[in-house]
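Reading through the structure tokens given below for one structure.
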Amino acid sequence: MSLRHQYNSSKGLVKRRTNYGLRAKWLTLCIILFAIELVIVYFRIHDVILVISLHLNIKLDWIRGLETNCDAASDQNLFNYANPLLPTGEDTSPIPLCPDSPPYLLGKQDLGNENEDVDMNSLIKNYTHVQAGGRYQPKECTARHKVAIIVPHRNRERHLRQFLRAIHPMMERQQADYGVFVIHQTGTGTFNKAKLLNIGYTEALKEDNYDCFIFHDVDLLAEDDRNLYRCADVPRHLSVGIDKWDYQLPYDALFGGVIAMTKEQFNRVNGYSNEYWGWGAEDDDMYVRILHSCLGLERAQYDVAKYRMAYHPSDKSNRVNPYRYTLLVGAAERQRRDGLNNLHYSVVDNKRMPLYTNITADVGKPPLNPKTNSFGNGIDIVVSISLLVLMLTMTCCTCVKSRLPHVLLCPRRIP
Ligand SMILES: *[C@@H]1O[C@H](CO)[C@@H](O)[C@H](O)[C@H]1NC(C)=O
Ligand SMILES: *[C@@H]1O[C@H](CO)[C@@H](O)[C@H](O)[C@H]1NC(C)=O
């Protein structure tokens with residue numbers, strides 16, 4: 001107190017003395033904050049750090065560590081910008097298997113004018129090779145996979161027509177045996193994209209024995225047909241470069257947009273979570289699921305995996321989900337009980353249109369209290385990234401105010 005008094009009355013010499021001393025009040029606060037942080041991290045040790053790294057774009061070796069801890073997969077698979085690996089199929093049919101590299105590829109695709117409104121009737125007339133329901137098989141060879149392209153949709157007809165115009169000729173050049181499934185959410189309730197993807201998977205399997213699934217945003221158009229829509233022995237991320245983000249991944253762990261997973265891989269992770277109502281984080285949840293299932297993942301080849309994203313104004317019924325980080329933090333915990341094994345919906349309509357199968361589904365309503373729904377085990381702490389960042393900032397500030405870094409790093413110069 002006397003030091004402080006002197007400081008107030010005669011600055012200068014005394015000020016220098018206090019500068020190099022440790023300030024007990026601030027140090028205590030710093031320790032308390034640090035302890036709170038430890039508790040937060042202790043209860044959600046993996047996923048809290050994961051959430052931070054996902055959204056602050058911090059590159060952590062720890063994420064790779066998760067992969068190396070797995071018995072089945074090696075860390076080589078993570079962030080591996082490699083060529084797609086093709087599982088070798090047995091050649092049992094009289095028609096030979098299609099070659100690894102399709103001979104008809106043209107490279108960069110003509111995607112047309114961004115603002116053009118594609119005429120559906122003219123498109124149907126042009127694409128006579130596409131069968132009802134948006135199906136196609138190459139005649140000259142047997143494709144190695146049966147590919148289902150799953151597109152969640154609502155009120156995006158204009159983008160859907162542009163998507164259909166681009167996807168069909170590309171898949172034909174890739175010699176793919178495929179079907180396009182547009183999963184339309186009925187009504188005006190909160191959009192649930194992840195659930196629509198689960199529904200698409202389930203309904204496509206009722207139509208045919210698909211073994212490879214491409215989960216595709218309707219507003220992404222592939223710019224290059226050398227980006228093969230195929231599955232591999234690990235889940236694949238196809239939309240690596242998007243024009244909106246200068247063809248760079250906005251964060252390392254991004255696993256949304258366009259992804260390719262086999263039936264076995266999708267089953268193993270229990271599909272997508274059904275609990276993400278509104279916009280955001282359902283793809284990060286899938287990333288957590290894949291890591292915790294030891295599947296590994298790979299990115300498509302960077303120089304061909306390029307996409308154009310269609311502009312759209314924000315959608316009123318697809319608002320940012322305020323619970324997305326809370327849900328994400330509990331992603332691994334929910335994985336076993338939330339996904340394909342608790343998927344409830346009803347199909348309102350199932351129509352084979354000329355260029356796609358239109359499956360209209362009722363996904364239900366979000367629960368009234370999604371917060372309590374996401375944590376069943378009593379630890380109802382809303383651990384959001386902002387909280388943790390706030391704690392970290394506060395700890396650092398108080399630590400600096402207590403002069404601890406100074407005392408530790410600089411020699412004590414109190415006369
Ligand atoms: C259909 O083909 C014609 C002739 O090639 C072309 O002019 C027209 O734009 C095509 N329609 C669509 C919707 O792409
Ligand atoms: C799909 O079918 C539903 C119900 O019949 C309809 O409301 C919707 O507009 C259709 N969507 C598309 C893209 O065809």
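The values are calculated or read from the model by the stated rules, or taken from the named source; none is laboratory data. Computed from a prediction, not measured in an experiment: that's the story for all the values here. Quick reminder, even Gly has a Cβ in these numbers, built from the backbone with ideal geometry, and neighbours come from all protein chains shown.
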Completion exercise
Taking the range 359-369 and the residues there that are in a strand (DSSP E or B) and touching a Ser or Thr at 6+ places or on another chain (Cβ under 7 Å), the one that is surrounded by the most Cβ atoms within 10 Å (Cβ to Cβ) would be Ala361
Handout entry: Filter result for Tyr356 (touching a Phe, Trp or Tyr at 6+ places or on another chain (Cβ under 9 Å), of a type outside the set (Gly, Ala, Ser), crowded, with 20+ Cβ neighbours inside 10 Å and at pLDDT 85 or above)
Key = yes
Practice task
Would you please name the residue that is surrounded by the most Cβ atoms within 10 Å (Cβ to Cβ), looking only at residues in the range 156-195 that are within 20 Å of Asn274 (Cβ to Cβ) and in contact with a His (Cβ under 7 Å, 6 or more places away or on another chain)?
Solution key: Ile183
Completion exercise
From the option list Tyr276, Tyr287, single residue qualifying as under 22 Å from Phe213 (Cβ atoms), outside any loop (DSSP other than H, G, I, E, B), away from ligand 2 (no atom under 16 Å from the Cβ) and among the hydroxyl-bearing types (Ser, Thr, Tyr) is Tyr287
Completion exercise
Scanning the range 93-137 for residues that are among the aromatic types (Phe, Trp, Tyr), more than 14 Å from ligand 1 (Cβ to nearest atom) and surrounded by 13 or more Cβ atoms within 10 Å (Cβ to Cβ) gives Tyr136
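Condition check ((1) touching a residue at least 60 places away in the same chain (Cβ under 8 Å); (2) in the same structural domain as Ser239 (by TED's automatic domain parsing); (3) aliphatic (A, V, I, L, M)) across all residues:
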| position | (1), (2), (3) |
| --- | --- |
| Asn274 | yes, yes, no |
| Trp279 | yes, yes, no |
| Asp284 | yes, yes, no |
| Tyr287 | yes, yes, no |
| Ile290 | no, yes, yes |
| Cys294 | yes, yes, no |
| Val304 | yes, yes, yes |
Completion exercise
Expected single match for of a type in the set (A, V, I, L, M), more than 21 Å from Met353 (Cα to Cα) and in contact with a strand residue (DSSP E or B) (Cβ under 9 Å, 6 or more places away or on another chain) among Leu238, Leu205 is Leu238
Completion exercise
Checked the range 119-169 for anything outside any helix (DSSP H, G or I), touching a Leu at 6+ places or on another chain (Cβ under 8 Å) and either within 13 Å of ligand 2 (Cβ to nearest atom) or among the aromatic types (Phe, Trp, Tyr) (or both); matches are Tyr127, Gly134, Val151, Pro152, His153
Completion exercise
Sole miss for Trp277 among (1) in contact with an Asp or Glu (Cβ under 8 Å, 6 or more places away or on another chain); (2) at pLDDT 90 or above is condition (1)
Problem - Close pairs (8 angstrom Cβ cut-off, 6 or more residues apart or separate chains): among the hydroxyl-bearing types (Ser, Thr, Tyr) in the range 120-131, away from ligand 2 (no atom under 16 Å from the Cβ) anywhere - result: Tyr127/Pro169
Handout entry: Index of the failed condition, Asp349 passing every other in (1) in contact with a helix residue (DSSP H, G or I) (Cβ under 6 Å, 6 or more places away or on another chain); (2) modelled with pLDDT of 85 or more
Key = (1)
